[in-house]
Amino acid sequence: MDSNTSKRSSIPASGGGGRSAKHRRPDPPFNRARATTLGRTAVALAACGVLAATGLAWSGAQTVQNAFHTSDALDGAPRSTGAAENILLIGLDSRKDRNGNDLPPDVLAQLHAGDGQEGGYNTNTLILVHVPADGKNITAFSIPRDDYVPVV
């Protein structure tokens, strides 16, 4: 037997000097408890995310809703049937802020609203908005009212 032949037979079968199959670590067994814990954690994090998003959306809706003043003047009155909606917007030229305080002179100057001596505190416009049931082609028109003008 040749000495070169005996050396070749001692080279591991894996061919790259790596570990042979009998020295390789076995794959760890599937751990069902760990997988269940990871799954529950993922579901809990998703639920927290949904809860946070819902809270932010609710807070934003409340902020928008509280920015408008509404009236219950028509409570109990007959309502339209169907899904279409009519909204009456009334612009009141009161020269006051939403808390009833007088507006500062610089704001009045920017609004060109005067000081209330001319024209008083009248409603200067009404806007009727019609929202069809399908929500498309919304129509709004302004009805001028109580504008103070000199009569000649």
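Assorted remarks:
- Meets criteria (more than 28 Å from residue 97 (Cβ to Cβ) and loosely packed, with under 10 Cβ neighbours inside 10 Å) for residue 71: no
- Output for region 74-101, where each listed residue is within 28 Å of the chain's Cα centre (by Cα) and either of a type in the set (S, T, N, Q) or open to solvent by 90 Å² or more (accessible area, probe 1.4 Å) (or both): 85, 86, 88, 90, 98, 99
- Close pairs from region 62-86: first closer than 14 Å to residue 130 by Cα, partner loosely packed, with under 10 Cβ neighbours inside 10 Å and modelled with pLDDT under 80, Cβ under 7 Å, at least 6 apart: 86/80
- Scanning region 1-60 for residues that are modelled with pLDDT under 95, part of a helix (DSSP H, G or I) and open to solvent by 100 Å² or more (accessible area, probe 1.4 Å) gives 7, 8, 32, 34, 38.
- Tallying residues that are touching a Phe, Trp or Tyr at 6+ places or on another chain (Cβ under 8 Å) and basic (Lys, Arg) within region 64-95 yields 1.
The values are calculated or read from the model by the stated rules, or taken from the named source; none is laboratory data. Given the structure is predicted, the values throughout are model-derived calculations rather than measurements. So basically every Cβ, Gly included, is an ideal-geometry build from the backbone, and we count neighbours across all protein chains shown. Surface accessibility is based on the protein's heavy atoms, side chains included, excluding ligands, DNA and RNA. Shrake-Rupley method; radii C 1.70, N 1.55, O 1.52, S 1.80 Å.
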